[in-house]
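All remarks here apply to the structure that follows.
The values are calculated or read from the model by the stated rules, or taken from the named source; none is laboratory data. Quantities reported herein were computed from a predicted structural model and do not represent experimental measurements. Virtual Cβ from ideal backbone geometry, glycine too; neighbours counted across all protein chains shown. When the accessible area is computed, the model is the full protein with side chains, heavy atoms only, and any ligands, DNA or RNA have been set aside. Shrake-Rupley method; radii C 1.70, N 1.55, O 1.52, S 1.80 Å.
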Amino acid sequence: MDVYEAVTSRRAVRGFTDEPVSREVLERVLSAAAWAPSGSNIQPWNTYVMTGAPLAELKTTAVERVAHGDPWDKRQYKMYPSELKSPYAERRSAFGKERYSALGIAREDWEARQRAAIANWNCFGAPAALFCYIDCDLGRPQWADVGMYLQSIMLLLRAEGLHSCTQMAWSQVRETVAEALSPPDGLILFCGMSIGYEDPAVSSPRTGRAPLTETVTFVGD
Ligand SMILES: Cc1cc2nc3c(=O)[nH]c(=O)nc-3n(C[C@H](O)[C@H](O)[C@H](O)COP(=O)(O)O)c2cc1C
């Protein structure tokens, strides 16, 4: 698979089969992704990979917790600014509309939206997941490094015929994740990522993108 195909075929997949992902494939992907760049090569990512019984147990605990309506864990970072300004607010709302209409859920059907959201903590059925932590002492440039690393993982997964969904949703139940993983003190859970083979029966439609003229300025010839 060439790089363009990997980039354009990656999308957030929210329905996976239960076909296991081998440890060998995961190690190959994570070893290659470690070549992602980072300022001064500090490689600020701390990754935990879960499969099998431990992941099944975490999913059950997290889904039960969310279904029960427990409050979210104290935030370690803000997912979005409280007031998302234009054009981000419009893009976010377009995404919400696309997502829920693809699922046949009406905007005002809060319960159905909640049910769809709960699938996050079941990893959308994926048999593998990773959890990516970053040291709380590190700053914005290092968070950007982690983003590049995560995108490298997602593209390499495509080369292996796998799909993924990155999920900040896991940060909302970070203490439940920490009980399962026991990360050292001082790490912030940035996100989880569900990994597996796409279930074609579940719709994971392509999202749109702003035209190049909205996001890129060319200066010169
Ligand atoms: C950092 C990050 C966090 C995300 N968190 C979630 C999440 O918690 N749940 C979810 O269903 N999708 C999540 N997504 C997926 C985005 O909604 C998705 O990437 C975006 O809508 C663009 O669609 P695409 O990935 O299919 O191109 C996340 C993506 C990123 C990059």
> Based on what the data block shows, is Ala62 of a type in the set (A, V, I, L, M, F, W, C) and under 20 Å from the mean Cα position of the chain (by Cα)?
Replying inline: yes
>> Would you confirm, using the coordinates I've provided, whether Ala128 is within 15 Å of Gly15 (Cβ to Cβ), small (Gly, Ala, Ser) and either touching a Cys at 6+ places or on another chain (Cβ under 6 Å) or more than 16 Å from the ligand (Cβ to nearest atom) (or both)?
In response: yes
> Does at least one position in the stretch 43-52 carry a residue that is of a type in the set (A, V, I, L, M) and under 23 Å from Ala128 (Cβ atoms)?
Replying inline: yes
>> Quick check on the stretch 150-162: of everything there that is touching a Ser or Thr at 6+ places or on another chain (Cβ under 8 Å) and within 10 Å of the ligand (Cβ to nearest atom), which residue is nearest to Asp2 (Cα to Cα)?
In response: Met154
>> Condition first: among the aromatic types (Phe, Trp, Tyr) and touching a residue at least 60 places away in the same chain (Cβ under 8 Å). Now tell me which residues in the stretch 70-104 satisfy that.
In response: Trp72, Tyr77, Phe95
>> Can you find, within the stretch 107-119, the residue that is modelled with the lowest pLDDT among those that are open to solvent by less than 50 Å² (accessible area, probe 1.4 Å) and within 13 Å of the ligand (Cβ to nearest atom)?
In response: Ala116
